[in-house]
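Have a look at the structure below before the remarks.
Read-outs: derived from the displayed coordinates by stated rules, not from any lab. Note that the coordinates shown come from a computational prediction; the quantities given were computed from them, not determined experimentally. Counting neighbours? That spans all protein chains shown, and the Cβs are built from the backbone with ideal geometry, glycine included.
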Amino acid sequence: MKDKAQAADLSHIGPGGDARMVDVSEKGVTAREATASAVVRMRPDVLDALLRGDLPKGDALATARVAGILGAKRTCEWIPLCHPLSLDWVRLEFLRGDPGELFVRCTAKTTARTGVEMEALTGASVAALTLYDMGKAADKSIVIGPIQLEDKTGGKSGDYHRSSSGTS
């Protein structure tokens, strides 16, 4: 980054333009929660088989649930500037939408100095990728997305709730 004045306004950019982890040592420890979602689209017959547990690789929902929880727990290993967080709770939900559409929701909770949004987003993403992996033998045209933050509570920046129009 060439403009040092601009770099000073960015929390993850140091004075010399280098990437850095944000110092949260002065922030208070508070309860924090975030929910993220991912949409997985596939042929309706493949989604039916997935929901019945009849895919060639087995029970995709159980596997995706465990993968999403593990992904949330290991976010700081995959996203370079994330702080390691001790998660108090992670939940994965799978909700059927339109024919061929499955919504993945990941909610994560912690008591920490920094937010848990990245853990929720990673959990939803990893669960969606696992569903792709479990279903690709039956349908290689599976599409994932969007992946987005739905809600967050706690912390200095306050609460966020996605509206139906996609803005807070």
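Straightening the chain between ASP98 and MET21 buys 23.7 nm, computed as 0.36 nm per residue apart minus the Cα-Cα spacing. Selection among ALA36, VAL46, VAL22 by position relative to the dipole of the chain gives VAL22 as farthest towards the positive end (Cβ unit charges, Cα centre). Considering every pair of different Cα atoms, what Kirkwood radius, in Å, is found for the chain? The Cα-based Kirkwood calculation yields 17.2 Å.
Each residue, ASP45 and LEU70, gets one label point 7 Å from its Cα in the Cβ direction; the gap between the two is 3.1 nm. Phi angles across segment 120-137 convert, under the Karplus curve 6.51 cos²θ - 1.76 cosθ + 1.60 with θ = phi - 60°, into 3J(HN,Hα) values of 5, 5, 5, x, 5, 5, 5, 4, 5, 4, 5, 4, 4, 4, 6, x, 5, 5 Hz, Gly and Pro given as x. Only the Cβ atoms of Lys and Arg (+1) and of Asp and Glu (-1) were treated as charged; on that basis the dipole of the chain about its Cα centre amounts to roughly 160 debye.
Between GLU77 and HIS161, the FRET efficiency estimated from the beta carbon spacing at R0 = 45 angstrom works out to 0.95. Between helix 60-73 and the chain there is an angle of about 10 degrees, using the helix long axis and the longest principal axis of the Cα atoms.
Peptides 64-72, 146-154 ranked from most to least packed give 64-72, 146-154, packing being the mean of other C-beta atoms within 10 angstrom over each peptide's residues. Taken over the chain, lysine pairs spaced eight or more positions apart, or on distinct chains, with alpha carbons under 17 Å apart number 6.
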